[in-house]
Structures are given as C-alpha cells and as structure tokens.
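The values are calculated or read from the model by the stated rules, or taken from the named source; none is laboratory data. Because the structure is a prediction, the values reported are computed rather than measured. Glycine gets a Cβ as well: all are built from the backbone with ideal geometry, and neighbour counts include every protein chain shown. Heavy atoms of the whole protein, side chains included, go into the accessibility calculation; ligands, DNA and RNA do not. Shrake-Rupley method; radii C 1.70, N 1.55, O 1.52, S 1.80 Å.
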Amino acid sequence: MGKQKFYVVWEGHEPGVYSTWESAKQQIDGYPKAKYKSFSSRAEAEQAYKGSYWAYAGKNTTSGTKTLTELEALGVRLDSLAVDAACSGNPGDMEYRGVHTRTGQEIFHVGPLPNGTNNVGEFLALVHALAWLKQQNSPNIPIYSDSRNAQGWVRAKTCRTKLARMGDNDRIFELIERAERWLQANRVTNPVLKWETEAWGEIPADFGRK
C-alpha cells in the first residue's frame, strides 16, 4: 500500500482537508474550475488550506519537491508550458490542462469528459499547447510532457488510441479529429520535451491525485 496522502480542496462543493481521494473527488466533481492539491501529511495540508491555492499550483507537494532554482540547475527550461492529463478509470472521466512551468498559472483546462483515457488526454493536451502557442506567436517556447506515448503520437500526427467510440464520448473523438487536422496543417516548431519525473518530481501540470 502506498503512503497515505491528504487532499486540500480550496474551491469545491465543500472546501476543506480530506484524507482520501474518494472523499475529495466528491467535492470537485461537477464544480467548475475546482482548486485542489495533494500533500504528504495532514499538517502540510492543513497549513496549505489556510493559504492560497496559487501558492501551491504547479508545485510537487507530495515528494521530491524541487525549487525553481534547483529545476533550472537541472536544465529545466522554466519559461515553458507543462501539460498533463488525469483519468478516473480506464476508460473514465478524463481531463487535461496546461500550465506555465515557472509560475504554475493555468493556461487551459478541458474536461472532465466521459469515457476517455489518460493517453488520449496527454495527446490532446500537447496539441492544445502547440495550437495555443501558435496563436500567441510563440514558436520557440518549449512544452513539457511526461508521456512518451503522447509525444510519439504528436510526431506521427495521429492519435493511436484503441479507445472505442461509445456515444457519450463523442466530444473526445471530435477533439481528437480536430487535433489530428491541426497537426496535418501546421508545422510543429515548439520543442516538445520529456519531463523527467524521477529526477525533477511531478510535472507542474500534475493534477495532484497520485
């Protein structure tokens, strides 16, 4: 059994500190732009709850936390985007987001969407980041992802998922088709880099559920 974690819900149905992911999830499901994070101990969680979510967004609060200075020393390019996905089940409710690596500011957040997979979410997050940076006229800003599968799918310009279309996940397939069309029509200039979790801790876009 893994080490117990504690979950802070700053914005949700009933904000507070929760000792299980299941209880925390009840407070954020269906709540627009819920703000939450996991911590290694109750004391850390309770201290965090007294403060602002933005003081912890984009930071690994469960293990191996690195400061920005340490990350930079390890070669992380902080003026970048970091993307990640989360899925409750396989398939299950899937969501993805992108944040600014240095500040943790959330740039985009899509979902939850029913009957998706984590790999699909990682792929969509990467393409979303690429498209967003193109709109911002930022062709050289790096994007970090901890998913080798997603990076390979982006290089191949196709989402190689085995996910079945089930009716209630039509929106996911619409996003996949749009992402593939974007990749076919646009040249990728932004560096897509692997986030080295073992060395650097969780990616800043992590949803804090592990």
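With springs connecting C-alpha atoms under 10 Å apart, model the chain as a Gaussian network and identify which of Pro32, Pro191, Pro142 has the largest mean-square fluctuation. The residue that fluctuates most here is Pro32. Taken per residue, the accessible surface of the chain reaches 51 Å², heavy atoms only and a 1.4 Å probe.
Amide H contacts of Leu113: Met94, Glu95, each under 5 Å away and 5 or more positions distant or on a separate chain (H built 1.01 Å from N in the peptide plane; Pro and chain starts excluded).
Here the label points at Ser23 and Ala185, each 7 Å from Cα along the C-beta direction, are separated by 4.9 nm in the simple model. Once backbone amide H atoms are built at 1.01 Å from N, Ser147 has Trp195 as its partners under 5 Å, excluding neighbours fewer than 5 places away on the same chain. For segment 158-171, 3J(HN,Hα) computed residue by residue from phi via the Karplus equation (6.51, -1.76, 1.60; θ = phi - 60°) reads 8, 8, 8, 7, 9, 4, 8, 6, 10, x, 6, 10, 4, 4 Hz, glycine and proline entered as x.
Ignoring ligands, DNA and RNA, what percent of the 1.4 Å accessible area of the chain is carbon and sulfur? Result for the chain: 48 percent of the exposed heavy-atom area is carbon or sulfur.
With 0.36 nm allotted per residue and the present C-alpha distance subtracted, the Lys134-Glu196 stretch has 19.8 nm of extension available.
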